[in-house]
Amino acid sequence: MKGEICQDRTVFRIGGADRERFLQGLVTNDVSRLADGLMYAALLTPQGKYLADFFLVAANDAILLDVKSGFADDLAKRLGMYTLRADVTLTMTDIPVHRGLGDGPGGGLPDPRDVSLGWRHYGGLDIDATEFDWDALRVAACIPESGIELIPNGSFILEAGFERMNGVDFAKGCYVGQEVTARMKHKTSLRKGLASVRVEGQAPEGTEIHAAGRPTGTLFTQSGGRGIAYLRFDRAVGDMKAGDAVVRHEG
C-alpha cells in the first residue's frame with residue numbers, strides 16, 4: 001500500500017457530551033452527518049471571512065479535528081472562547097495523519113473535497129512511503145490550500161470553492177459567519193473567486209495579475225503550466241500578465 005504521512009497536520013480530540021452541538025453552532029458544515037464519513041469544514045469570523053479549514057471525523061466517543069499545524073494554536077484558542085459552560089473538551093493528540101492515492105487501507109476515508117485527492121487515514125499505518133505531487137493534484141482540481149489560497153481574515157469560502165468541495169451546508173441553520181455566507185450564496189453570481197488558469201512562464205506565489213493595465217487578481221500555486229488564481233471575473237479576459245508570466249482564465 002502506497003501513501004505518506006502528513007508532517008504538517010495536527011489532530012485534536014473533541015470530547016464531551018455537547019461536542020456535536022458545540023461544533024454545529026460554529027462550523028460551516030452539518031456535523032450531524034459525521035456518520036457518513038470524513039467531513040470538510042471551516043471556522044469563519046462573524047463577518048463571514050475564513051479563519052481555518054479542517055477535516056472532522058467521528059471516533060467512538062469523540063470527534064477528531066485535523067488541521068494544518070500552523071493554524072492549530074490559534075484555532076484551539078478560538079474554539080476555547082466558545083466553550084463557555086458546554087460539556088466539551090479539546091485535547092491535542094499525537095495521532096498521525098496519512099494520505100495516499102488508489103485503493104485505501106482499512107479505515108481509510110475518501111477526501112471529501114475531490115475524488116482525485118485520494119484517501120486519508122487517522123492512526124498507525126504500515127505503508128510503502130511514496131511521495132505524490134499534491135500541488136499538481138490541487139491545481140488540476142482547483143483545490144485551495146490553507147495559508148496560500150485560503151487567507152485568514154481575507155478569504156470568503158464561497159469565492160474559494162467550498163460549495164464545490166462539499167465544505168458548506170446551506171440547510172443546517174446558524175453558525176458563525178452564516179448570514180454573510182448565505183447572502184453570497186443567493187447572489188446572481190460571484191464577481192470574484194478562485195479559478196483555474198493556464199500559465200506560460202513562472203511567477204512567485206502571490207504575484208498580482210493585470211489585464212489591460214488594470215489589477216485583475218492574484219496568481220497562487222502553479223504546476224505543469226496551470227495554476228490557481230484569485231480573479232475578478234469581469235476583467236479576466238484574454239492574455240493577462242503576472243510578473244513575466246502570461247496567464248489565461250480557463251473558465
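The values are calculated or read from the model by the stated rules, or taken from the named source; none is laboratory data. Keep in mind that what you see is a predicted model, and the values were worked out from it rather than measured. All Cβ positions, even for glycine, are placed from backbone atoms using ideal geometry, and neighbour counts span all protein chains on display. SASA here: full protein model, heavy atoms, side chains in, ligands and nucleic acids out. Shrake-Rupley method; radii C 1.70, N 1.55, O 1.52, S 1.80 Å.
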Problem - Exclusive hit being of a type outside the set (Asp, Glu) and open to solvent by 90 Å² or more (accessible area, probe 1.4 Å), set Val246, Val176, Val237 - result: Val237
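Okay, residues lined up against (1) in contact with a helix residue (DSSP H, G or I) (Cβ under 7 Å, 6 or more places away or on another chain); (2) open to solvent by 20 Å² or more (accessible area, probe 1.4 Å); (3) closer than 30 Å to Gly224 by Cβ:
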position: Leu90; (1), (2), (3): yes, yes, no
position: Pro96; (1), (2), (3): no, yes, yes
position: Gly102; (1), (2), (3): no, yes, yes
position: Asp126; (1), (2), (3): no, yes, no
position: Glu149; (1), (2), (3): no, no, yes
position: Met184; (1), (2), (3): no, yes, no
Problem - Of all residues in region 186-205 being farther than 30 Å from Gln24 by Cα and over 18 Å from the mean Cα position of the chain (by Cα), the one that is surrounded by the most Cβ atoms within 10 Å (Cβ to Cβ) - result: Val197
Exercise for the section: Please enumerate the residues belonging to region 153-165 that are buried (at least 18 other Cβ atoms within 10 Å of the Cβ) and either free of Cβ contacts under 8 Å to residues at least 60 places away in the same chain or assigned to a loop (DSSP other than H, G, I, E, B) (or both). Expected result: Ser155, Ile157, Leu158, Glu159, Ala160, Gly161, Phe162, Met165
Problem - Residue count for region 1-30, restricted to those that are part of a strand (DSSP E or B) and open to solvent by less than 70 Å² (accessible area, probe 1.4 Å) - result: 9
